[in-house]
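Below is one structure, written out as structure tokens; comments come after it.
The values are calculated or read from the model by the stated rules, or taken from the named source; none is laboratory data. Everything quoted here is computed from the prediction, not taken from an experiment. So basically every Cβ, Gly included, is an ideal-geometry build from the backbone, and we count neighbours across all protein chains shown. Note: areas computed on protein heavy atoms with side chains; ligands, DNA, RNA excluded. Shrake-Rupley method; radii C 1.70, N 1.55, O 1.52, S 1.80 Å.
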Amino acid sequence: MYKLIGDYKKNIKSVISELFCVSHIIRAEQNESTDETKYKKDEHEKYKKIYGKYANKLYSVCRENCDKVVGKREYDKDPVAYNQALNNAIDILNTKILELIGEKDYSKIYYNETKFDNLNELSYGHDGLLVLFHLLFTKYPLIGKIVADKYDYIFIDEYQDTSADILTDILSLSQTYNLTVGLFGDSMQSIYEDGIGNIDEYIQDSTLQSIPKPDNFRCSHEVINLINTLRLDDIQQNVALKKLGDGTIESDESRHGSVRVLYSVVDKKPHSHSTEDEKDAYQLLVNSLISKARENTDNSKVFILTNKAIAEKNGFKNLYKIFDDRYVDVSDRIEKYLRSIQALDVI
């Protein structure tokens, strides 16, 4: 994707502010059917999220700290006023960001091949590349023509985690220029909140044709039978035998095993404002499940989903908390800092 847009630096400069400027908070419409309690909770969560982005950006651009975000009880007293104050502050910050971008030489813009966008260098990372491609695609239709002229086929692997905007852009090429587009993946394996997830709407309107692939080359019969009961689509997977390195086909017996499901029931899962004792008690319960699962299982592997849990398991819980108190995107910030002191290079 970078090869398609990387040379159009002057065009990129015209849209790159979208990577760095903070969006306003916009209060959702409320009608007679709106649940008042849920509405207030959602509005405060939205406020906290945007306030966090503003605070992070203010610190990175101006090295200024913000007050702690107001709690829901205080926010609910006058949410409109709090929103307006935040938007006014965002406008001042965005003006500063636009001034900094305006002073930069567009020829110096580059793709830094990391997770991070960098305002000082005016460079963009992996996620920024996706945003810029969509912005250029929308603002400059010639980009689409260039892509269509260059490729006869476009294949997207793990489509479920692809940006919805990018997928829409690519599929529009198929319709406009008769370009063949193929998507490969599984909607039930989506792991990113901002990925498109399923593509049912494109199948229903005949933009895409579904070609189910039930073959499973990885799991045992027993695991597949369990998975099939959990799937929410029409796909029922079957064991497919792999071709081994010596050219022979693995035996069916080698694909048998066992499966069991372990679970615990908790009255209430801790949240960000829970006490440390409540969080520790919950973590102990999770750890007990992990220990139980490892019983009589040699060479077991445990997939830990949260960065906080990973930090605790690897002995840097306090370091994580330091970054957590300052930033929203904690793991990215830790990695960026470790790169800046070349610790990751040493490792």
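Tabulated values for the structure
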item: Top-ranked residue in the range 130-158 [being closer than 18 Å to Leu183 by Cα and open to solvent by 100 Å² or more (accessible area, probe 1.4 Å); ranked as nearest to the chain's Cα centre (by Cα)]; result: Asp157
item: Selected residue (criterion: farthest from Lys46 (Cα to Cα)) from residues of the range 12-33 that are buried (at least 16 other Cβ atoms within 10 Å of the Cβ) and of a type in the set (A, V, I, L, M); result: Ile12
item: Test: residue in the range 88-102 that is out of contact with any Pro (no Cβ under 9 Å at 6 or more places or on another chain), in a loop (DSSP other than H, G, I, E, B), modelled with pLDDT of 90 or more and open to solvent by less than 90 Å² (accessible area, probe 1.4 Å); result: no
item: Criterion violated by Ile249 - all others in (1) open to solvent by 60 Å² or more (accessible area, probe 1.4 Å); (2) within 31 Å of the chain's Cα centre (by Cα); (3) hydrophobic (A, V, I, L, M, F, W, C) satisfied; result: (2)
item: Members of the range 169-186 that are of a type outside the set (Asp, Glu), open to solvent by less than 40 Å² (accessible area, probe 1.4 Å) and either more than 27 Å from Lys145 (Cβ to Cβ) or in a loop (DSSP other than H, G, I, E, B) (or both); result: Leu179
item: Unmet criterion (only one of (1) within 20 Å of Val259 (Cβ to Cβ); (2) modelled with pLDDT under 80) for Lys292; result: (2)
item: Any hit, the range 60-67, residues being under 25 Å from the mean Cα position of the chain (by Cα) and modelled with pLDDT under 95; result: yes
item: Criterion violated by Gln84 - all others in (1) farther than 30 Å from Glu335 by Cβ; (2) modelled with pLDDT of 95 or more; (3) open to solvent by less than 70 Å² (accessible area, probe 1.4 Å) satisfied; result: (3)
item: Condition check for Glu222: over 27 Å from the mean Cα position of the chain (by Cα) and surrounded by fewer than 17 Cβ atoms within 10 Å (Cβ to Cβ); result: yes
item: Neighbours by Cβ (under 8 Å, 6+ apart or cross-chain): first from the range 10-34, in contact (Cβ under 8 Å) with a residue 40 or more places away in the chain; second part of a loop (DSSP other than H, G, I, E, B) and aliphatic (A, V, I, L, M); result: Ile12/Ile109; Lys13/Ile109; Lys13/Leu122; Ile16/Ile109; Ile16/Leu122; Phe20/Leu119
item: Near pairs, Cβ below 9 angstrom, 6+ apart or cross-chain, from the range 262-283 (part of a helix (DSSP H, G or I)) to any residue that is polar (S, T, N, Q); result: Tyr282/Ser274
